[in-house]
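The values are calculated or read from the model by the stated rules, or taken from the named source; none is laboratory data. As the structure is a computational prediction, the values presented were derived from the model and not from experiment. Note that each Cβ is placed from the backbone with ideal geometry, even for glycine, and that neighbours are counted across all protein chains shown.
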Amino acid sequence: MAKLFILFGGSLGLLGVVLGAFGAHALKTRLSESSLSSWETAVSYQMYHALVLLFVGLWLLLDGPASLRYAGALFMVGIVLFSGSIYALVLGAGSWFGPVTPLGGVTLIAAWATLIYSSLAINN
């Protein structure tokens with residue numbers, strides 16, 4: 001699982017840079033300020049959580065608690081649901097993507113809670 005989290009975190013980081021540049025250059029003149037701001041929010045959340053996913057993978061490599069597997073999985077799902085739904089909405093996907101964004105947010109909150117729970121296993 002550690003390798004999967006590191007691979008996924010690195011891939012999402014790379015994709016975040018690409019999507020950030022795409023928004024800043026290709027979409028800047030095509031989107032309203034509100035839509036561009038939403039795009040930037042999606043990129044920011046993707047990047048923050050990609051870094052956390054790398055951290056989770058590295059912690060697992062150092063024999064972190066088993067609960068980190070749940071945290072990592074929740075981060076992966078949350079990033080895809082939250083940022084992915086915003087990208088889709090900004091690019092004109094159907095309005096049914098709207099309810100997916102808060103579901104992704106709740107998933108990210110659960111991921112952070114699971115990460116905090118995992119920290120309780122540290123014996124220091």
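Among residues belonging to segment 61-108 that are touching a residue at least 24 places away in the same chain (Cβ under 8 Å) and among the polar types (S, T, N, Q), point out the one that is surrounded by the most Cβ atoms within 10 Å (Cβ to Cβ).
S83
Can you list residue pairs whose Cβ atoms sit under 9 Å apart, with the first residue in segment 6-23 being closer than 13 Å to S83 by Cα and the second being exposed (fewer than 14 other Cβ atoms within 10 Å of the Cβ) and acidic (D, E)? Count only pairs 6 or more apart in sequence or on different chains.
Once the first residue is closer than 13 Å to S83 by Cα and sits in segment 6-23, no partner that is exposed (fewer than 14 other Cβ atoms within 10 Å of the Cβ) and acidic (D, E) comes close enough.
Within the set of pairs 6 or more residues apart or between chains, which connect a residue that is closer than 18 Å to V52 by Cα and at pLDDT 95 or above inside segment 113-124 to a residue that is among the aromatic types (F, W, Y) and assigned to a helix (DSSP H, G or I) with Cβ atoms less than 6 Å apart?
Matching pairs, first to second residue: T114/Y70.
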